[in-house]
Amino acid sequence: MLKGSNNLIRPLNLLLWQNDRYLSALTGQLQAVRLLSLDIFDTLLFRTCANPSDVFIQIAERAHLEGCLKGSITPSAFKEMRMKAEHKAREKQAARTGFGEVTLEQIYDEMPESIVNRVKLVQLEVETEEDVCYLNPHVTSLLYACKKEQIPVALLSDMYLSSDQLRRILGSAGLDLSSVDTLFVSSEEREGKSSGHLFARLKELYPQIDASAIVHIGDNPAADVEGAAKEGVRGLHYPVIPEHFDSVHHWEFVKHGDVLPEWKSLRKLAAASDMATNHGDQERMFYRFGAEVLGPFLHTLCEWVLDICVQEGITCVNPLMREAHLLAPMLEQAAQQRGVELQVKPVYVSRQATFMAGLERFGEAELAYLLGIHGLKVGELFEVLDISMEEERLKAYLTETVEACRHISGDNGQTIYDLLRNYLLSDSGQSRLLASIERHRQLFVGYLRQEFGAPERLVTVDIGFQGTIQGALEKIVSLAGLQPQMTHLLAVGANRLDELRLQGMDIRSMLRSGSGGSEAGKRIARTPAFLEELMMGGFGSTLRYVAVESGRIIPVQAQLHRTDEEFASKQACQKGALAFQSYYAYLFQQKEGRLTRASAQPEEWSKPLHRVLAMPKPEEAGVLGNLTHQDNFCTEYIAPICGVVAEEWYLAGPEAFLNSCNYAPSVMNVNWPQGMVTRRFPYYLYHYYLWLGDGFGSQAMIFDMIQRVKKDAIRSLTLYGSGAFAEQVLKAAWFHGLHIPFWIDPAVGADTVPWGRFAYTTLEQASLLSEEPGREAPAFLIATLSELEAYPNQILKAFEGSRAAPKLYAIRP
């Protein structure tokens, strides 16, 4: 069993920052740093909301309660008003003074007094920022480490808040303000970081420090890296919060909308601690999966179990092995974080280990069940039954499958299958089988007494689903003459749990997978393979129990077949899941009383895992699908989670393939249909949910266009188009990592000041530029839903006679 990390996340830990994927670049270099400069929002401070503008929703809700916002203005409407007011204030300021930096007061001056109390709204906005902001412990750790080395610290922010308002928010978040030597904010300096102005101000304030000895850290490449470079300052990009196309959180948004908005930044931060693994790229990828996806789901299960323990006075729980390898330390860690006294004692058990012990007799039905197991060999059957081979005529067929024995003739015209069946149902066979059943029951109950004292009072914890092992436990204890008083807690429960409850079992589930169940519960129950595999250790499932010379009864486990690489990946994932718990505890303590526990929203906390199962990224389908699934029930079955299926199943396309996965396993056995379809058709599911979520709008069409660009390995293009749709295409291109140095907008002059990281130009200028030596053929991203012929023709006409014809990428239906 793993050991919990029990590592508290504390900003005062002066080494914590070295676990950060981006900050670790400074490891061993602090002695060369003479001044540390930090961006504030999304760098030093994080928020407990999905997007910065979501703060405005909370402001409106509070304003309604305090009567300083007109009741007819909904929170969503206020959010739009607040953003438009800021835009309008910046336009006015730029027209009046030449710079667009404004104060919070100037923003609210754009709102009519008839609907808002401006002074009160300014106050509420600062108070709301105090409520939602918390210190990034990684960056704060670096800040304090620098202060210990007597390195001065400056904070630079492009923000409408004043320095006093920022200090108030920082102090409320718990920052020692005496550790900050300088704070510059654009609203007071009347210029921002992108121009280099705030960095120039730093150099003025610290003339004795060479610019090359200043390190600035921030999330915005234009402001924090390029702006710093204009003044010779080293800028370290810190993109923990910003998202891009391959971000887990973007894919979650496409599938579910905003998922766990209060915890979004925290999950990103936990994933950014992947340098704690000290291993290669694959291990760090699995660590991030554990921190962002697996950890949140399993921690929710732990919180749900703890809620029940607290309510019912339970002081010991028994998670089932093999999943308890990870679940047990997570339960221990969660209990410790909550201050709950709880003993966690795993039970080594499996379907095979309980099979014989749970039988009252061995008749036709039990025999038919075993003989119907696919791939079961004759020798394996006798191992499961734990009886000696007395029938000489069967000994030559131990390595044959039971199914093959149906077609092998023996003496007297009997098949070997008939011989096997007749022997096991004979008086001699039955005598041995009944003795084996009793022996297995005594060993199993003895093991439970030895380890847990009162086997009838177990409180089991498991992932799910049918309650098979739980039912067997109660039956075995009952057959041993004890009255079961067990409680069984499952992450996901199927309809069969209703039947078990009718039999008097206390069996509960956090999520339901059957009728009336949640979408997440159904998907997890359909595809549990990689979830279970990622929780397991370096040992196989329990096969049976034996008494050793000392008198102790120990479980016998199957040999596990794994590569060292796969085992290392699983260990990294488990480390990430345990790390998530520490980060969760940090934020929950920081925002005590303002955040609800995960167990209050189990379906919401299951969405990250559900998204991976239902709409995996190609990378996820690749690495998770390659994990090995090993089943040791009666026979050894080992296969990758995404195995090989006949090519014919793919020929009718992805939708038909997914439908085919509903066939019985004897026809088509697929563990993870969505993983398989993504490996073959990488963006089919993403495209489907994007199209669905956009109400069949244009986002999927833009995505298709950009995918064609990426497929052709084009990284830089000129945008051609006008209006809001062209802006949408531009932002989508940036989101996919494409470089758009120029925008040709027929409605905007080339001398217009750009609002982003591009320059306006004309077709004539673009044509001349393409003729320069060494230039590749220009590529154009055509952003229009109306000028479908005119725009391409205009581009082609401008490039007539050019040495290289332009490549055109346009929207297609």
- Task: Could you list all residues from the stretch 348-389 that are over 38 Å from the mean Cα position of the chain (by Cα) and of a type in the set (S, T, N, Q)?
- Result: Ser388
- Item | Given (1) under 24 Å from His488 (Cβ atoms); (2) β-branched (Val, Ile, Thr); (3) surrounded by fewer than 23 Cβ atoms within 10 Å (Cβ to Cβ), number of the condition Val548 does not satisfy | (1)
- Breaking point among (1) crowded, with 18+ Cβ neighbours inside 10 Å; (2) more than 15 Å from Glu125 (Cα to Cα), for Gly98: (1)
- Message: Looking at Gln590, Gln557 in this structure, which one is under 30 Å from Gly174 (Cβ atoms), among the polar types (S, T, N, Q) and buried (at least 16 other Cβ atoms within 10 Å of the Cβ)?
- Response: Gln590
- Could you look through the stretch 187-243, keep only residues that are closer than 28 Å to Arg21 by Cβ and of a type in the set (Ser, Thr, Tyr), and pick out the one that is surrounded by the most Cβ atoms within 10 Å (Cβ to Cβ)? Tyr238
- Task: Could you pull out the residue among Val729, Val748 that is touching a Phe, Trp or Tyr at 6+ places or on another chain (Cβ under 8 Å), touching a residue at least 12 places away in the same chain (Cβ under 8 Å) and outside the structural domain of Ala94 (by TED's automatic domain parsing)?
- Result: Val748
- Given the residues Leu398, Leu327, which is the only one that is aliphatic (A, V, I, L, M) and under 43 Å from the mean Cα position of the chain (by Cα)? Leu327
- Item | Residue that is nearest to Arg803 (Cα to Cα) [pool: residues in the stretch 763-792 that are hydroxyl-bearing (Ser, Thr, Tyr) and buried (at least 16 other Cβ atoms within 10 Å of the Cβ)] | Ser770
- Task: Considering only the stretch 593-613, state which residues are touching a Ser or Thr at 6+ places or on another chain (Cβ under 9 Å), among the small types (Gly, Ala, Ser) and surrounded by fewer than 21 Cβ atoms within 10 Å (Cβ to Cβ).
- Result: Ser599
- Query: Among the strands (runs of 3 or more DSSP E) confined wholly to the stretch 467-577, which include 3 or more residues that are of a type outside the set (Val, Ile, Thr)?
  - Reply: 487-493, 506-512, 542-547
- Task: Among what's in the stretch 469-479 and is within 12 Å of Glu360 (Cβ to Cβ) and touching a Pro at 6+ places or on another chain (Cβ under 9 Å), pick the residue that is surrounded by the fewest Cβ atoms within 10 Å (Cβ to Cβ).
- Result: Ser478
- Checklist (1) at pLDDT 90 or above; (2) surrounded by fewer than 19 Cβ atoms within 10 Å (Cβ to Cβ) applied to Pro640, failing item: (1)
- Item | Residue tally, condition under 17 Å from Leu269 (Cβ atoms) and outside any loop (DSSP other than H, G, I, E, B), over the stretch 206-244 | 4
- Message: Yes or no: the stretch 262-277 includes at least one residue that is in a loop (DSSP other than H, G, I, E, B) and out of contact with any His (no Cβ under 8 Å at 6 or more places or on another chain).
- Response: no
- Kindly indicate the residue of the stretch 38-82 that is among the hydroxyl-bearing types (Ser, Thr, Tyr) and more than 16 Å from Ile115 (Cβ to Cβ) and also surrounded by the fewest Cβ atoms within 10 Å (Cβ to Cβ) among those meeting that condition. Ser53
- Restrict the check to the stretch 381-395 and report whether at least one residue is of a type in the set (Lys, Arg), in a helix (DSSP H, G or I), more than 19 Å from Ala558 (Cα to Cα) and without any contact (Cβ under 8 Å) to a residue 24 or more places away in the chain. yes
- Query: If you check Ile706 against the conditions, is it surrounded by fewer than 19 Cβ atoms within 10 Å (Cβ to Cβ), in contact with a strand residue (DSSP E or B) (Cβ under 9 Å, 6 or more places away or on another chain) and either not in a strand (DSSP E or B) or not assigned by TED's automatic domain parsing to the domain that holds Leu788 (or both)?
  - Reply: no
- Based on what the data block shows, is Met668 assigned to a helix (DSSP H, G or I) and closer than 30 Å to Leu613 by Cβ? no
- Enumerate the helices (runs of 4 or more DSSP H) found wholly within the stretch 1-110, keeping only those where 2 or more residues are closer than 30 Å to Pro329 by Cα. none
- Query: Any idea which residue in the stretch 450-461 is surrounded by the most Cβ atoms within 10 Å (Cβ to Cβ), counting only those that are over 13 Å from Tyr348 (Cβ atoms) and modelled with pLDDT of 95 or more?
  - Reply: Val461
- Which one of these does Asp176 not meet: (1) closer than 21 Å to Glu130 by Cα; (2) surrounded by 19 or more Cβ atoms within 10 Å (Cβ to Cβ); (3) among the charged types (D, E, K, R)? (2)
- Scanning the stretch 78-109 residue by residue, those without any contact (Cβ under 8 Å) to a residue 12 or more places away in the chain and either of a type in the set (Ser, Thr, Tyr) or more than 30 Å from His197 (Cα to Cα) (or both) turn out to be Glu80
- What's the number of the condition Gly358 fails, among (1) modelled with pLDDT under 95; (2) outside any loop (DSSP other than H, G, I, E, B)? (2)
- Task: Test His256 against the criterion of being more than 12 Å from Ala577 (Cα to Cα) and of a type outside the set (D, E, K, R), and give yes or no.
- Result: yes
- Task: Please tell me if Glu364 is in contact (Cβ under 8 Å) with a residue 24 or more places away in the chain and crowded, with 17+ Cβ neighbours inside 10 Å.
- Result: no
- Message: Name the single residue that is farthest from His374 (Cα to Cα) among those in the stretch 400-425 being surrounded by 14 or more Cβ atoms within 10 Å (Cβ to Cβ) and of a type in the set (S, T, N, Q).
- Response: Gln414
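The values are calculated or read from the model by the stated rules, or taken from the named source; none is laboratory data. Keep in mind that this is a model prediction, so the values were computed, not measured. Ideal geometry is used to build each Cβ from the backbone, glycine not excepted, and the neighbour counts take in all protein chains shown.
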